[in-house]
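Structure record follows, encoded as structure tokens.
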Amino acid sequence: MQELVRKALSGDTRSIARIITLVENESPYTEEIMKTLYPHSGKAHIVGITGSPGSGKSTLTDKLIHEFKEKGNKVGVIAIDPSSPFSGGAILADRIRMQKHAVDRNVYIRSMGSRGSLGGLSKSTYEAALILDACGKDIIFIETVGVGQSEVDIMKIADTVCLVLVPGMGDDIQIMKAGIMEIADIFIVNKADREGVERVVAEVKMALDLVQKRSWIPPVHSTIAEKGNGITELAASISNHHEFLSISTEGLEKRRNRLVTEVEEILQREIARFTEEKWNQKKTPELIDSLYSRNTDPYTVAGRILEEVLLEN
Amino acid sequence: MTHEKIRVIVAKPGLDGHDRGAKVIARALRDAGMEVIYTGLRQTPEQIVDTAIQEDADAIGISILSGAHHFYFSRIIELLKEHEALDIIVFGGGVIPDDDVPALLAMGAGAIFGPGTTTTTCVDWLKSKVHEKRTLEMA
Ligand SMILES: Nc1nc2c(ncn2[C@@H]2O[C@H](COP(=O)(O)OP(=O)(O)OP(=O)(O)O)[C@@H](O)[C@H]2O)c(=O)[nH]1
Ligand SMILES: [Mg+2]
């Protein structure tokens, strides 16, 4: 295992890919891998690209890969598509739009199925980003699943969140939804070749004025991703935000808070694992019977399980 | 380990712009619980192999209608060899004459599925092939 991690750290693509698979499959090696890689992480700029289905996230990412690669960056991409709730399988198709970078040594693209996660990411997305970070990528783009509440989850793991909107998709109403304005660091109104761009841009700016309390004022870009219009300016904003984070207290706070969240999440996961194991041992039809007949209650049962877990550890 | 999802690249090399067959097999593999990385049309062997490596795929499925199957299979297998990645299973379908199949298998293709093959046959074959490969890797 150490050999595989060593090769990954030296930038070997196959080893990096292997390690991500191991972590994604929750292999018993996960902890060892993450512990070894962790000291090497913390250098990359993690950029989230989120927005409704079909808004142009993959097309934008493709153009951004090009832009950052040209500036001499090693680029990593993690693109998440939904897994089927029925079969657990998935068709991961985001990278279709990025295939011209497939053979580029300085670009690594990885597709992930959401595997039951609802927040627009998969459970292992953050670990995958950390792996790419530790293995030398300078900038990592994470394309979320284009659904619902993905915006909130991406905020937890990305340094910079870009929210993609499209004119004429009812996104203007979405914008007003509480929370969204605070989440995005950069707004992108894509498909600017369509009617109604100016209105969406104006509405976003207006809404921003209402919530403005931060030292970073989110820029609003209009782009035509398909043609590459507006991408240079967008890339500049992404770099500016990175710069802002590195010199502001807000940026420092963000990174420190993320570490707190990380510990909390590991704790929750580990505790859940112990209690689940114990519960699976105790979950007999007889116990359910006695619950059903009200001879005992769920609180007492849960309490006893917790007690046993605590005593054993 | 039930967690270990099978990951397959489904690619359509060559210049003809027809990927209905590729999409049908992609959906069948997904419905069998696999993760299918769909790369779209007109992929070069280099793109297909680099994609398989970045995605840590167990297998590459290619759909060829153009008649250039000999070239694509030999090139893909050659590139896999260069990358020391011959453990990645290569299989194909499309319109490949029966007479050409033995040569492709000799080259290292895992299986060639003719036009009449049901998706179930293909799915079952791939499942057992990946299982075989993983057992071998564990040893
Ligand atoms: N008119 C127009 N179409 C665009 C533009 N950018 C992307 N598209 C098209 O919009 C469609 C969706 O683009 P994607 O990049 O796949 O969008 P996405 O947000 O990644 O989609 P999902 O991952 O499925 O949520 C494609 O057909 C693109 O060609 C644009 O600027 N203008
Ligand atoms: Mg996409």
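Numbers below:
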quantity	calculated
Enumeration of residues in the range A:1-17 that are hydrophobic (A, V, I, L, M, F, W, C) and under 12 Å from A:Ile131 (Cβ atoms)	A:Leu4, A:Val5, A:Ala8, A:Leu9, A:Ile16, A:Ala17
Output for the range B:9-38, where each listed residue is more than 7 Å from every other protein chain (Cβ to nearest Cβ), outside any helix (DSSP H, G or I) and in contact with a helix residue (DSSP H, G or I) (Cβ under 6 Å, 6 or more places away or on another chain)	B:Ile9, B:Val10, B:Ala11, B:Lys12, B:Pro13
Qualifying position, being more than 8 Å from every other protein chain (Cβ to nearest Cβ) and either at pLDDT below 95 or open to solvent by 20 Å² or more (accessible area, probe 1.4 Å) (or both), among A:Lys57, A:Lys74	A:Lys74
Matching residues in the range B:39-72 - criterion: being at pLDDT 95 or above, more than 7 Å from every other protein chain (Cβ to nearest Cβ) and not in a loop (DSSP other than H, G, I, E, B)	B:Pro45, B:Ile48, B:Val49, B:Ala52, B:Ala59, B:Ile60, B:Gly61
Condition broken by A:Gly72, with the remaining ones in (1) in contact (Cβ under 8 Å) with a residue 12 or more places away in the chain; (2) over 29 Å from A:Arg194 (Cα atoms) satisfied	(1)
Residues that are surrounded by fewer than 19 Cβ atoms within 10 Å (Cβ to Cβ), within 11 Å of chain B (Cβ to nearest Cβ) and more than 11 Å from ligand 1 (Cβ to nearest atom), drawn from the range A:77-113	A:Ser84, A:Phe86, A:Ser87, A:Gly88, A:Lys100, A:Val103, A:Asp104, A:Arg105
Test result for A:Asp94, more than 28 Å from A:Ser246 (Cα to Cα), within 14 Å of the chain's Cα centre (by Cα) and not small (Gly, Ala, Ser)	no
Hey, B:Met34 surrounded by 21 or more Cβ atoms within 10 Å (Cβ to Cβ) and under 30 Å from A:Gly11 (Cβ atoms) or not	yes
Filter result for the condition that a residue is among the aliphatic types (A, V, I, L, M), closer than 16 Å to A:Ile139 by Cβ and either away from ligand 2 (no atom under 16 Å from the Cβ) or not assigned by TED's automatic domain parsing to the domain that holds A:Asp193 (or both), over A:Val47, A:Val75, A:Val23	A:Val75
Positions within the range B:91-135 being closer than 15 Å to B:Ala68 by Cβ and either touching a Leu at 6+ places or on another chain (Cβ under 9 Å) or among the small types (Gly, Ala, Ser) (or both), in sequence order	B:Gly92, B:Gly93, B:Gly94, B:Val95, B:Ile96, B:Ala103, B:Ala109, B:Ile112
Residue in the range A:223-234 that is without any contact (Cβ under 8 Å) to a residue 24 or more places away in the chain, open to solvent by 60 Å² or more (accessible area, probe 1.4 Å) and in a helix (DSSP H, G or I) present	yes
Members of the range A:256-283 found to be open to solvent by less than 50 Å² (accessible area, probe 1.4 Å) and either touching a Lys or Arg at 6+ places or on another chain (Cβ under 8 Å) or over 21 Å from A:Glu31 (Cα atoms) (or both), listed by number	A:Arg258, A:Thr261, A:Lys278
Residue among A:Ser248, A:Ser215 that is at pLDDT below 90, more than 16 Å from ligand 1 (Cβ to nearest atom) and closer than 24 Å to A:Gly42 by Cβ	A:Ser215
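For (1) in contact with a strand residue (DSSP E or B) (Cβ under 8 Å, 6 or more places away or on another chain); (2) β-branched (Val, Ile, Thr), each residue gets a yes or a no:
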residue: B:Lys5; (1), (2): yes, no
residue: B:Arg27; (1), (2): yes, no
residue: B:Asp31; (1), (2): no, no
residue: B:Glu35; (1), (2): yes, no
residue: B:Tyr38; (1), (2): yes, no
residue: B:Asp50; (1), (2): no, no
residue: B:Ile60; (1), (2): yes, yes
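The values are calculated or read from the model by the stated rules, or taken from the named source; none is laboratory data. All figures in this text were calculated on a predicted structure; none of them were measured in a lab. Methodologically, a virtual Cβ is constructed for each residue, glycine included, from the backbone with ideal geometry; neighbour enumeration extends over all protein chains shown. Side chains included, ligands, DNA and RNA excluded: accessible areas come from the protein's heavy atoms. Shrake-Rupley method; radii C 1.70, N 1.55, O 1.52, S 1.80 Å.
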